[in-house]
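Here's the structure we're looking at; comments come further down.
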Amino acid sequence: MDIRMVKNSKISAFYLLAILVLFSFAFESCQRLDDNLFNPTKSNGYKLDDYSGEQDFVLDKSYKIDSSKIYQFLLYSRLPNESYETYISAIYLGDLRKISTDTVILYCHGNKGNMDFYWQRAKLLAHVGGKHRYGLLMFDYRGFGSSQGKSTEATIYADVDAALRWLQGYGLTGSRLVVYGFSLGSAPATEICYKARTISPSALILEAPFASSYAMVENSSKLNMPASYYTNHQINNAKKIKSVIQPFMWIHGKEDDFLSMTTQGKVVYDNYRGKYGESHIIDGANHSNVPNTLGFENYKNAIYSFVTKTK
């Protein structure tokens, strides 16, 4: 046999193997990044103040919420192509009888944990403008906490729609609804302002938002390959924010090493073209400690000032 043929055959086999490995890595990375977009912790019951797991910060006893103001219940989430409803868990802080006349903050949490992990953040927002000045609704996406199902990009939008329907059932109108999205929660929060719903929020607050799922990949990927190799998600807050007309408040830690302020949050803010925009860049803060780095009182005052301006 011709030695050159053997040599070329070995070289071709080597390159074929290298290509297969590379594409296998890309496929596995795509699966890994897509799956890690949702990183839930399951729960058989919420512990709230008794929760002792990982938390970004813990408030002192002055922020304790009276048990009569804590209402745990189920929402019913359903996609247009689904023949059944999925039960998701939710918590309302405040007086249910006042929803029809109250301003309510709808809180969309991040990609990890469940409502126990975000309980301290919910309590903090329930003290904006004074204890229970505003009502607050938060919920667990599908697969988080004790919510049924599994989260996808489509289902988190269906889940926030379920929250809107519940509030509307208690008489809430869009003129009194403030939607707050943290991290992953910036996607459903922006979505319900971007696309007409039964209730259109009066104001949008985003803390540490990401520009798009592709931008997240481009920040983290070391391979010079299209982002489509790594994620199938089409989330694009930077594009949708261009159509948001509601007043918009952006908060971001300057030292955020998870969602870069300059390549993620600032892109979203710079694309906003609505009636009133307000930015708060927090020196020394990373992705998870904006409220305590800014100072709880300063944080509450900033949000209260923004909300009162939008009325």
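Counting every other Cβ atom within 10 Å of each residue's Cβ, PHE57, PHE139 order from fewest to most as PHE57, PHE139.
Which of the three applies to region 34-161, rounded, prolate or oblate, going by the alpha-carbon gyration tensor with a ≥ b ≥ c and a/c under 1.5 meaning rounded? It is oblate, given that a/c is not under 1.5 and a/b is not larger than b/c. Residues HIS280, HIS127, arranged from fewest to most other Cβ atoms within 10 angstrom of their Cβ, appear as HIS280, HIS127.
Show me the ranking of peptides 44-50, 270-276 by mean Cβ neighbours inside 10 Å, starting with the highest.
Taking the mean over residues of other Cβ atoms within 10 Å, the ranking is 270-276, 44-50.
Given +1 at the Cβ of Lys and Arg, -1 at the Cβ of Asp and Glu and no other charges, the dipole of region 105-181 around its Cα centre is 280 debye to the nearest 20. Across the cross-link table entries LYS239/LYS309; LYS69/LYS309; LYS69/LYS131; LYS240/LYS275, which are compared at the Cα atoms, the separations over 22 Å belong to LYS239/LYS309; LYS69/LYS309.
Panel order for TRP119, TRP166, by other beta carbons found within 10 Å of each beta carbon, from fewest to most: TRP166, TRP119. With Rh defined as the Kirkwood radius, the inverse of the mean 1/r over Cα pairs, the Rg/Rh of region 37-309 is 0.93.
The phi torsions of region 66-75, fed into the Karplus equation with coefficients 6.51, -1.76 and 1.60 and a -60° offset, translate into couplings of 4, 4, 5, 9, 10, 10, 9, 7, 10, 9 Hz, rounded to whole numbers, with Gly and Pro shown as x. In this Cβ point-charge picture (+1 for Lys and Arg, -1 for Asp and Glu), region 37-309 has a dipole of about 700 debye about its Cα centre.
Please say if region 86-147 is rounded, prolate or oblate, where rounded means a/c under 1.5 for a ≥ b ≥ c the square roots of the C-alpha gyration tensor eigenvalues, and otherwise the choice is prolate for a/b larger than b/c and oblate otherwise? Can you show the working numbers first?
Working: a/c = 2.86, a/b = 1.61, b/c = 1.78.
Here region 86-147 falls in the oblate category.
For region 37-309, what's the relative contact order in percent, using C-alpha pairs closer than 8 Å and at least 6 residues apart?
Result for region 37-309 is 17 percent.
Read-outs throughout are calculated quantities, based only on the coordinates presented, and are distinct from any laboratory measurement. As the structure is a prediction and not an experimental result, all values here were calculated from the model. For neighbour counting, all protein chains shown are included, and Cβ atoms are generated from backbone atoms with ideal geometry for every residue, glycine included.
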